[in-house]
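The values are calculated or read from the model by the stated rules, or taken from the named source; none is laboratory data. Since this is a predicted model, take the numbers as computed values, not measurements. Glycine gets a Cβ as well: all are built from the backbone with ideal geometry, and neighbour counts include every protein chain shown. The area values use the complete protein model at the heavy-atom level, side chains included, leaving out ligands, DNA and RNA. Shrake-Rupley method; radii C 1.70, N 1.55, O 1.52, S 1.80 Å.
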Amino acid sequence: MQTFFEPAREVSKEERLWATFCHLGALGVFIILGIGHIVVPLVIWLIKREDSPFINEHGKEALNFQISVTIYGLVCALLLFVVVGFFLLPVLAVFWFVAIIVAAIKANDGKSFRYPITIRFF
């Protein structure tokens with residue numbers, strides 16, 4: 001039995017650019033300390049989500065990841081009291097940065113990306 005699949009839709013350069021901004025917007029934590037990593041991707045996603053399913057997918061994924069990392073960071077901060085947090089917090093920070101870069105590259109290539117260990121809120 002032969003199965004036919006619909007060919008993948010070509011993602012425009014503008015869609016790829018906005019999807020990339022959704023991920024790189026998390027670096028807004030360095031601009032708006034404390035909440036920039038959530039606010040910037042949220043604003044981009046809310047403004048551009050209706051323009052393209054590709055941007056919508058990446059925006060939701062970026063936002064879910066940033067909220068998840070915030071929760072993990074709070075848990076690591078609590079674990080500072082039992083010393084484990086001193087080791088986990090830097091590991092989480094490196095993982096956060098590397099995951100954002102990988103996701104931005106995938107988005108710029110027009111590919112889907114799912115962050116690992118992410119709680120799906122949206």
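Within the range 94-121, name every residue whose backbone N is under 11 Å away from a label modeled 7 Å from Cα of ILE47 along the Cβ vector.
No residue passes the distance filter.
Just by accessible area at a 1.4 angstrom probe, what is the order of LYS106, LYS13 from largest to smallest?
So, going from the largest accessible area down, we get LYS13, LYS106.
Under a Cβ-only charge scheme (Lys and Arg +1, Asp and Glu -1), can you give me the dipole magnitude of the chain about the Cα centre, in debye to the nearest 20?
On the way: 10 positive and 9 negative charges, 38 e Å.
With Lys and Arg at +1 and Asp and Glu at -1, about 180 debye.
Given the options ILE31, ILE105, ILE44, which has the most mean-square fluctuation in a GNM of the chain, springs set between C-alpha atoms less than 10 angstrom apart?
ILE31
Considering only protein heavy atoms and a 1.4 Å probe, what is the carbon-and-sulfur percentage of the accessible area of the chain? Show your work: numbers first, answer last.
Numbers: 5580 of 7710 Å².
Here it works out to 72 percent.
Normalised by the residues of the chain, what does the relative contact order come to in percent, with Cα pairs under 8 Å and at least six apart? Can you show the working numbers first?
Details: 138 pairs, mean separation 36.0, N = 122.
Relative CO of the chain lands at 29 percent.
Express the accessible area of the chain per residue in Å², computed with a 1.4 Å probe while the remaining protein chains stay in the model.
Computed with neighbouring chains in place, this is 63 Å² per residue.
Can you give the FRET efficiency to the nearest 0.05 for PHE87 and ILE119, using r as the Cβ-Cβ distance and R₀ = 30 Å?
Details: r = 22 Å, r/R0 = 0.75.
That gives a FRET efficiency of 0.85.
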